[in-house]
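Just so it is clear, none of the values below were taken in a lab; they were calculated from the coordinates. Just so it is clear, the structure is predicted and the values come from calculations on it, not from any experiment. Cβ placement follows ideal geometry from the backbone for every residue including glycine, while neighbour counts extend to all protein chains displayed.
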């Protein structure tokens, strides 16, 4: 008499033919998806750079890194004594 | 590693593990065509991350197979349930085809288990993983594995009570 557990173990011997082109198709699709993801990443980076440049063009003061707020405020302080 | 070498290694991985992955998918879905789709999707995911996988490619793909089979089941829930005529394994046990009938009856009974119980039963008894490996594979606790395995086996005994009366390849062994 075989128990359910033994019969389940026998299922591991079911012959399962693997389609011939399974690996090639999966590899080709996987690579295409990887490229698409990479292109999406580049697209997002370009978009972010464009937005940054746009904001800086609209507000040139943001690009002026020579005068920090603390430095300019110190310059305009009235002199005492 | 070059792209051609990567592809060759991937192909040899599929040659070595494809049958086992397909079998797992078949036992989880109960349908050959669906099992092939599930394995194809899982292998595409593996191929996408090939070269960046940490750990065994087979374990990674098996997890993808289990998740894809469950996702597919969720999508198919809206469809009407297919009804299969139960196989009378008792009548055919002296027949040379009885083992195939028996196997089909067991696969059909497996298909009627809830997804988690089915996955646990397949991992524990068909793939022969221990409780810790099964828990890791399915992302659940060891206690849940034990409980699901017990409930799954009990349900299988109820769903296919005659299965335990039938013997191995030589016929009945009562």
Practice problem: Fewest Cβ neighbours within 10 Å first, please rank B:29, B:41 accordingly. | Solution: B:41, B:29
Quiz prompt | Averaged over A:34-42, number of beta-carbon atoms from partner chains that fall within 10 Å | solution = 1
Quiz item: Taking the Cα-to-Cβ direction at residue A:21 and at residue B:132 and moving 7 Å from each Cα, how far apart do the two end points lie in nm?
Solution: 4.4
Exercise. Let me know the mean shielding of B:139-148 by other chains, meaning the per-residue number of their Cβ atoms within 10 Å of its Cβ.
Key: 0
Practice problem: Quantify how strongly other chains surround peptide B:45-57 by giving the mean number of their Cβ atoms within 10 Å of each of its Cβ atoms. | Solution: 3
Practice problem: Go ahead and run the numbers for FRET between residue A:63 and residue A:39, Cβ-Cβ distance against an R0 of 30 Å, rounding to 0.05. | Solution: 0.50
